[in-house]
Amino acid sequence: MTEGFVMESSQVRLTIDSVTWQRVQLIIEGVLEGDAGPDSIQEMYFENALTGVRSPIHRWSMVDGRILIRYNVTQGLGTTALKSGTWTLRATAMTGEPLALAIAEGLSIPVQGYGGIFRSGSWCYSILPASNAVAAFSLEVAYVRTKGAGRRRIPFGSWIKSLRQNVYRSTFWVLSTLLPKNGRRILFTSDSRATLSGNLQFIHDRMIERGMGADYRMYTKFKPSIRARRGFMDKWLFTAYLAIADVVFMDDFQPMVYKVELDAQVKLVQLWHASGAFKTVGYSRVGKPGGPNPFSKDHRSYTHAIVSSAHDVPFYAEAFGIPEDRVIPTGIPRLDPFYDSVYAERVRAEAYSAFPSARDRKVWLFAPTFRGTGPKNAYYDVDKIDFDALHALCVREDAVVILKMHPFVRTALSVPEEYRDRILDATDMRELNDLLFIADVAITDYSSLVFEASLLGVPMLFYAYDLEEYISTRDFYEEFESFVPGKVVATFDDLLVALRDGDFEAEKVHEFAARHFGDARGGATDRVIDAVVLGR
């Protein structure tokens with residue numbers, strides 16, 4: 001008998017010979033034998049041994065003659081993580097027969113052979129082979145609090161925070177009860193923008209252009225900066241707008257949205273600020289530093305998440321803890337002007353106006369992402385930049401560097417005075433995309449800038465001096481070096497050599513853009529409005 005877990009009926013036999021993990025996805029592989037294909041299986045699920053509750057498996061396919069099954073444990077019960085208990089794999093053939101599960105003769109199951117253990121400072125979430133699995137493919141799931149368990153005193157600060165949250169929830173409930181929905185109120189909001197901009201602005205302004213302002217009442221609520229805290233009146237107004245809104249457009253993580261239960265008819269739309277899936281976010285980071293609790297409610301209430309193409313749908317569904325049918329590949333609204341030559345000329349003129357010394361010179365746009373886990377501790381290793389050598393190369397090549405730090409980075413960038421004629425600080429600019437229109441080369445590391453740059457055909461360099469550390473703490477959806485559309489360098493000296501020699505591996509850019517944007521050539525803003533607001 002073939003070694004492995006064997007599920008068989010009179011017509012179909014499934015031999016599972018590989019079980020591995022990919023972030024929070026349990027990857028089960030095997031071979032379907034007999035007159036069988038993936039369509040031979042009607043349904044597949046894990047069943048709780050005690051309660052009989054079923055956790056459906058939605059994704060399986062055939063790849064090179066092998067069946068590939070993907071099961072997301074953080075969505076084991078709809079938009080809730082798989083709960084503690086013993087869960088056994090079951091399947092039903094199209095004939096209606098259950099596929100009996102057995103273990104092949106002589107097979108031993110190493111307890112750590114394919115188990116997933118996700119840890120944080122205060123909890124441990126483990127999915128391991130059931131120790132008593134002698135005739136079934138079963139998983140033992142356990143969620144354990146590892147810190148602060150049992151009775152303890154609640155610090156005064158935490159008590160105040162809890163009280164504020166209860167007041168907020170109560171206020172929201174009262175307002176949403178007293179002011180029923182009318183289908184015509186739309187809220188545009190962000191915790192990372194001070195004004196209406198980006199995807200939010202494109203949708204808002206396009207609705208006005210289409211004459212929808214007469215039929216819809218549009219509200220906006222932003223913060224002075226990404227690190228600012230909302231004042232009392234600001235919080236009250238936000239609560240009121242959220243309570244009465246029929247459609248909510250947002251573009252980033254926004255805790256106040258997740259703390260309330262929105263009415264079932266409300267459309268909550270995530271216009272994520274990145275244009276594609278690159279470094280992991282949300283539930284893809286369970287068990288990583290700064291990652292969420294697997295049972296958190298953050299993100300899970302989105303009714304729509306907008307992405308650039310079908311390629312990115314599974315990644316965003318995983319990140320936000322939502323079903324894939326809520327992830328809509330409409331394209332990215334703020335990228336519509338990338339196909340508009342008039343817009344491009346205007347943005348170029350504005351960029352040269354902001355940086356006149358860049359005109360008629362090579363422009364190297366240097367835009368790294370942050371290190372750390374978020375706005376509270378974000379930083380960049382500025383000592384990894386050799387300003388003296390970079391300036392000397394700029395002089396030699398008649399180039400300027402426009403240096404733009406991520407808005408999360410709290411420490412102000414300080415370019416030495418003697419280099420400021422060639423090394424220009426653009427950190428205070430909110431829209432990085434505008435600078436791409438004058439860039440001859442884009443230098444980054446793990447920034448989603450790669451997507452916009454590829455659309456414009458801008459060559460790229462990836463200064464990844466801490467790649468292994470970044471993988472261990474943050475990670476990517478796809479293998480970094482085969483994913484990025486440009487040359488990867490690990491030292492600043494190598495970066496300078498690549499700039500000097502024009503060695504960018506630019507041939508990768510076109511294929512990358514085609515994969516992540518398909519044949520879309522504008523019109524994403526209208527597609528979002530039609531799909532979400534008008535329900536077409």
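Values quoted throughout were computed directly from the atomic coordinates according to the rules given, and no laboratory measurement underlies them. Every value quoted in this text rests on a predicted model; they were computed, and no experiment measured them. Cβ placement follows ideal geometry from the backbone for every residue including glycine, while neighbour counts extend to all protein chains displayed.
The simple Förster model, with R0 at 60 Å and r as the Cβ-Cβ distance, assigns Val144 and Lys362 a FRET efficiency of 0.60. Rounded to the nearest 5, the antiparallel percentage of DSSP beta bridges internal to the chain is 60%. For Glu43, the amide hydrogen comes within under 5 Å of the amide hydrogens of Thr92, counting only partners 5 or more places away or on other chains and with H modelled in the peptide plane. Each label point was placed 7 Å from the Cα along the Cα-to-Cβ direction; for Asp340 and Asp39 their separation is 4.5 nm.
Rg of the Cα atoms in the chain, relative to 2.2 N^0.38 Å, amounts to 1.07. Converting phi to 3J(HN,Hα) with the Karplus coefficients 6.51, -1.76 and 1.60 and the offset θ = phi - 60°, the range 422-427 yields 10, 10, 10, 9, 10, 4 Hz in sequence order, with x at every glycine or proline. The string of couplings for the range 25-32 from the Karplus curve (6.51, -1.76, 1.60, θ = phi - 60°) is 9, 7, 9, 10, 10, x, 10, 8 Hz, one whole number per residue in order, with x for Gly and Pro.
Listed from fewest to most Cβ neighbours within 10 Å, the set Phe137, Phe315 follows the order Phe315, Phe137. The distance from the alpha carbon centre of the range 374-439 to that of the range 505-536 is 30 Å, rounded to a whole number.
For Arg229 and Ser197, the difference between the fully extended length at 0.36 nm per residue and the C-alpha to C-alpha distance is 9.6 nm. Taking amide H atoms as placed 1.01 Å from N in the peptide plane, the amide H of Asp17 lies under 5 Å from those of Glu29, Gly30, Val31, each 5 or more residues away in sequence or on another chain. Legend: P(r) of the range 274-404 from all alpha carbon pair distances, 5 Å bins from 0, whole percents, reading 2, 8, 12, 13, 13, 14, 14, 12, 8, 4, 1, 0. Here Ser162, Ser482 are placed in order of increasing Cβ neighbour count within 10 Å, fewest first, which gives Ser482, Ser162. Below 15 angstrom from the Cβ of Ala358, what's the summed charge of the other residues (Lys, Arg +1; Asp, Glu -1)? Combined, the nearby Lys, Arg, Asp and Glu give -1.
In percent, rounded to a whole number, the relative contact order of the chain is 11, using alpha-carbon pairs under 8 Å and six or more apart. For Leu163 and Ser61, the FRET efficiency from 1/(1 + (r/R0)^6), where r spans their Cβ atoms and R0 equals 51 Å, is about 0.55. Dividing the convex hull volume of the alpha carbon atoms of the range 336-517 by its residue count gives 120 Å³ per residue.
Annotation for Leu50 and Ile471: the two label points, set 7 Å from Cα along the Cα-Cβ direction, are 3.9 nm apart. Round to the nearest 0.05 the FRET efficiency obtained for Leu534 and Trp173 when R0 = 35 Å and r is the Cβ-Cβ distance. Efficiency computed from Cβ-Cβ geometry: 0.75. Distance between the modelled labels on Glu431 and Thr92, one decimal in nanometres: 5.3 nm (7 Å Cα→Cβ projection).
When Ser84, Ser448, Ser341 are arranged by Cβ crowding within 10 Å, least crowded first, meaning fewest neighbours, the order is Ser341, Ser84, Ser448.
Other residues with beta-carbon under 13 Å from the beta-carbon of Ser301 carry, at +1 per Lys or Arg and -1 per Asp or Glu, a net charge of +2. Within a straight-line Cα-Cα reach of under 29 Å, Lys83 can be paired with the following lysines, leaving aside sequence neighbours fewer than 8 residues apart in one chain: Lys147, Lys161, Lys259, Lys267, Lys279, Lys288, Lys297. Couplings 3J(HN,Hα) of the range 246-261, computed from phi: 8, 10, 10, 9, 9, 9, 6, 5, 9, x, 5, 6, 7, 8, 10, 9 Hz, in residue order, whole Hz [Karplus 6.51 cos²θ - 1.76 cosθ + 1.60, θ = phi - 60°; x for Gly and Pro].
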